[in-house]
Amino acid sequence: MSNQSDSAAPAYDVPRPRLGIILCLLSMLVFASQDGITKVLVKDLPIAQLVMVRYWAFLVFAAGYGVFQGNLRTACRSRHPCLQIIRALIGVGEIALFGLGLRYLGLAEMHALYAVFPLMTLALAGAFLGEFIGVRRWIAAAIGFTGTLVILRPGTGVFELAALIPLLSALGFAIFSVLTRRISQHDSFATNLLYMGFFGAIAITLWGLPGWVSPSPMQWALIAVLSTTGVLAQLLLLQALKYATAATLQPFNYTLLVFATLIGLLVFGELPDTWTVVGACLVIAGGMYAIKAKG
């Protein structure tokens, strides 16, 4: 998927929420487009190879961001190096899983199931970070997970094991998010990016390089677009967080599902069934209620 930016956001500029929302929507459109490109490429190329190229491009971006912030050496220092490494490995695994899922499932179904990750994050944050959840947020989680069951329909004969892939990917990103919250109490955003890029690139290279398949010129072009837009999406999201708070932007992150569904329909001819639409609406409703709920 779509690696979304760390919860450690840069300092806000003068609040301009409308501009922040527009930039957030653009970033979601780019993320969805990336998934469409990935879905094309994974038909013929190993997913590890695609993630490897993306991660090396991301590492260049992370190093450049550290230099831009003034001191790359300082960005290399972490108060939690072991947690940073674990977080990087989970992050790269989550992206690889999502890409694998695109080989078997449609964009709408993938994102409808993946959209449950904020509710997974909520539960994990309560269990491991001691964050207060409250009855309303547990109700929100129950609504979201009900939506997931509606999409999966276990026991009906239409359940596919492949549908567990986006759920595992969502769980991975939820763990990644909780670790980010923990680490970001002491480490800077630049440090988070650098550790994620460096150790993620090393890990995926050990996996992806041995199975390298030479891409065609067209595939190379798509890989270049995939790598470039990955950086572009991160930059758009960073800029969005400068003009609007994360709480303001969170509801608009669900437009990723809308954009992915449209791309799936227009490019791949994928029309989500009624159960997927109903389940996705429940997942989004649960996520929105969790944002609004205070206790």
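Counting only helices (runs of 4 or more DSSP H) that sit completely within region 80-188, those holding 1 or more residues that are surrounded by fewer than 18 Cβ atoms within 10 Å (Cβ to Cβ) correspond to 81-104, 117-128, 134-152, 164-183.
Hey, can you tell me all the residues within region 199-246 that are of a type in the set (Gly, Ala, Ser), closer than 26 Å to Lys43 by Cα and either in contact (Cβ under 8 Å) with a residue 40 or more places away in the chain or assigned to a helix (DSSP H, G or I) (or both)? Gly200, Ala201, Ala203, Gly208, Gly211, Ala221, Ala224, Ser227, Gly230, Ala233, listed by residue number.
Among the conditions (1) among the hydrophobic types (A, V, I, L, M, F, W, C); (2) surrounded by 18 or more Cβ atoms within 10 Å (Cβ to Cβ); (3) modelled with pLDDT of 90 or more, Trp212 misses just one, which is (2). For region 42-57, the set of residues classified as over 16 Å from Ala224 (Cβ atoms) and either among the charged types (D, E, K, R) or not in a helix (DSSP H, G or I) (or both) consists of Val42, Lys43, Asp44, Pro46, listed by residue number. Considering Leu235, Leu257, Leu226, the condition of being surrounded by fewer than 18 Cβ atoms within 10 Å (Cβ to Cβ) and either among the hydrophobic types (A, V, I, L, M, F, W, C) or modelled with pLDDT under 90 (or both) is satisfied by Leu235 alone. Considering only residues in region 260-286 that are among the polar types (S, T, N, Q) and surrounded by 15 or more Cβ atoms within 10 Å (Cβ to Cβ), the one that is nearest to the chain's Cα centre (by Cα) turns out to be Thr261.
The values are calculated or read from the model by the stated rules, or taken from the named source; none is laboratory data. From a predicted model like this one, the values you see are computed outputs, not experimental measurements. Ideal geometry is used to build each Cβ from the backbone, glycine not excepted, and the neighbour counts take in all protein chains shown.
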